[in-house]
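Undergrad: Below are the structure tokens for one structure; questions will follow.
The values are calculated or read from the model by the stated rules, or taken from the named source; none is laboratory data. This structure is a prediction, so every number in the text was calculated from the model and none was measured. As a convention, Cβ positions derive from the backbone with ideal geometry for all residues, glycine included, and neighbour counts pool all protein chains shown. Just so you know, the surface numbers come from the protein's heavy atoms only, side chains and all, with ligands and any DNA or RNA stripped out. Shrake-Rupley method; radii C 1.70, N 1.55, O 1.52, S 1.80 Å.
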Amino acid sequence: MRRRVFNEDQTNFRQSMRDFFRKEVVSIFPEWEAAGVVPKKFYRQLGDMGVLSMSIPEEYGGSGESSYNFSAVLTEESMYAQANLGALRVHMDIVLPYFLEYANDEQKARWLPGLGSGELMASIAITEPGTGSDIAGIKTSAHIDGDSYIVNGSKTFITGGINADLILLVARTGASGTEEARKQGLSLIVIEADRDGYSTGPNMAKLGLKAQDTAELFFSDVRVPVSNLLGEEGKAFEYLSHNLPQERLSIAVGSVASATAALDITKDYVRERKAFGRAVADFQNTKFVLAECATDIEAGQALVDRALEEHDHGELTSDDAAKVKLFCTELQSRVVDKCLQLHGGYGYMLDYPISRLYADARITRIYGGTSEIMKSIVSKSIMK
């Protein structure tokens with residue numbers, strides 16, 4: 001499929017990232033999966049290469065690149081290399097935009113250089129054991145005591161929680177009565193991981209995304225200076241809503257790239273695998289299934305590329321981001337499932353990459369807003 005959404009600089013960046021993943025990541029990625037975490041020196045390596053700081057202004061050590069397309073290229077190439085780096089995407093695509101948009105000058109000078117160098121890795125702490133997709137139901141509290149917030153509560157399923165040096169915490173600083181009050185009572189507070197009273201649980205065992213550290217976070221009378229408030233108090237729900245289109249687009253980009261990787265490895269497999277004296281690729285059913293997968297991927301890629309173009313121009317709406325996230329994560333699951341089926345019994349063996357792609361794919365219909373939430377958003381938009 002010819003893609004016109006990327007300019008020459010982004011195309012050159014793609015080639016450099018493709019070479020980097022092949023040389024530096026592919027061979028060692030199984031070790032990261034076994035360890036359950038990507039070593040922090042890898043992020044510092046990306047920092048030295050200028051990858052983490054692409055969107056950071058020059059005065060804070062970055063290159064000031066405003067286009068999200070560079071991050072999209074990075075995500076695609078990591079997925080093509082079958083190296084799912086979810087914590088990296090959270091750091092760059094989800095957390096960093098909050099610092100760029102809402103941090104004051106002092107906060108930017110304090111945090112942006114480290115976030116760009118890889119010395120400071122960040123995660124965002126939203127989900128709680130009892131809230132799930134109900135952000136307005138957050139109970140983790142932060143109350144004022146002098147010139148500090150005292151934070152109490154817990155978070156769960158936090159991507160990058162083990163490695164995080166900075167936690168962008170969504171906490172309740174106001175009332176929780178009416179629905180509107182629940183939304184207006186939330187704030188963003190940056191928690192440094194070395195604060196007294198802050199702790200993490202063990203790396204959570206997951207079905208897939210084995211190299212992505214995921215943890216529960218605990219806050220017990222954590223004292224944080226008021227100067228760590230990001231943006232205005234009570235504005236977190238508004239801020240989160242503003243950044244959701246990019247978060248969901250990021251998931252869609254990775255989903256289509258993952259489906260593409262699944263199709264590529266399956267084409268190689270069916271050419272080599274023999275059944276009844278013939279290559280599996282020669283059977284009509286195999287050809288039909290591959291045709292279905294290729295068509296699905298091209299449709300999803302077109303939807304993603306349109307969304308990338310709209311996002312680059314500041315025109316991607318929450319409704320359209322929900323559509324692209326819904327369609328692309330669902331197609332990812334369809335394609336990877338069909339590709340695993342063509343592998344037969346070997347597809348179920350962890351030694352074969354299709355099994356890992358299958359396990360990794362299942363979460364994309366859940367995080368960033370479940371498919372059911374996406375359908376609710378889309379249905380409301382078409383019934384206006």
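Undergrad: Filter segment 322-343 down to residues that are open to solvent by 40 Å² or more (accessible area, probe 1.4 Å) and farther than 17 Å from Asp305 by Cβ, then give me how many there are.
TA: Within segment 322-343, the first condition is being open to solvent by 40 Å² or more (accessible area, probe 1.4 Å), and the residues that meet it are 323, 327, 330, 334, 337-338, 341.
Add one more test, that the residue is farther than 17 Å from Asp305 by Cβ, and what stays is 330, 334, 337-338, 341.
Final tally of qualifying residues: 5.
Undergrad: Any idea which residue in segment 123-152 is least open to solvent (accessible area, probe 1.4 Å), counting only those that are touching a residue at least 60 places away in the same chain (Cβ under 8 Å) and charged (D, E, K, R)?
TA: Asp145
Undergrad: Shifting gears a bit: How many residues, within segment 31-47, are surrounded by 13 or more Cβ atoms within 10 Å (Cβ to Cβ) and under 23 Å from Asp351 (Cα atoms)?
TA: 7
Undergrad: Which of the residues belonging to segment 153-162 are open to solvent by 50 Å² or more (accessible area, probe 1.4 Å) and either of a type outside the set (Phe, Trp, Tyr) or not in a strand (DSSP E or B) (or both)?
TA: Ile162
Undergrad: Please return the ranges of helices (runs of 4 or more DSSP H) entirely within segment 32-99 where 2 or more residues are touching a strand residue (DSSP E or B) at 6+ places or on another chain (Cβ under 6 Å).
TA: Qualifying helices (runs of 4 or more DSSP H): 86-89.
Undergrad: In segment 163-187, what count of residues is obtained for those that are open to solvent by less than 20 Å² (accessible area, probe 1.4 Å), outside any strand (DSSP E or B) and either modelled with pLDDT under 95 or β-branched (Val, Ile, Thr) (or both)?
TA: Result for segment 163-187: 1.
Undergrad: Give me a count of the residues in segment 196-242 that are surrounded by fewer than 20 Cβ atoms within 10 Å (Cβ to Cβ) and part of a loop (DSSP other than H, G, I, E, B).
TA: Summing the residues that are surrounded by fewer than 20 Cβ atoms within 10 Å (Cβ to Cβ) and part of a loop (DSSP other than H, G, I, E, B) in segment 196-242 gives 15.
Undergrad: Looking at (1) under 24 Å from Lys139 (Cβ atoms); (2) acidic (Asp, Glu); (3) more than 21 Å from the chain's Cα centre (by Cα), can you tell me which one Asp194 breaks?
TA: So the condition that Asp194 fails would be (1).
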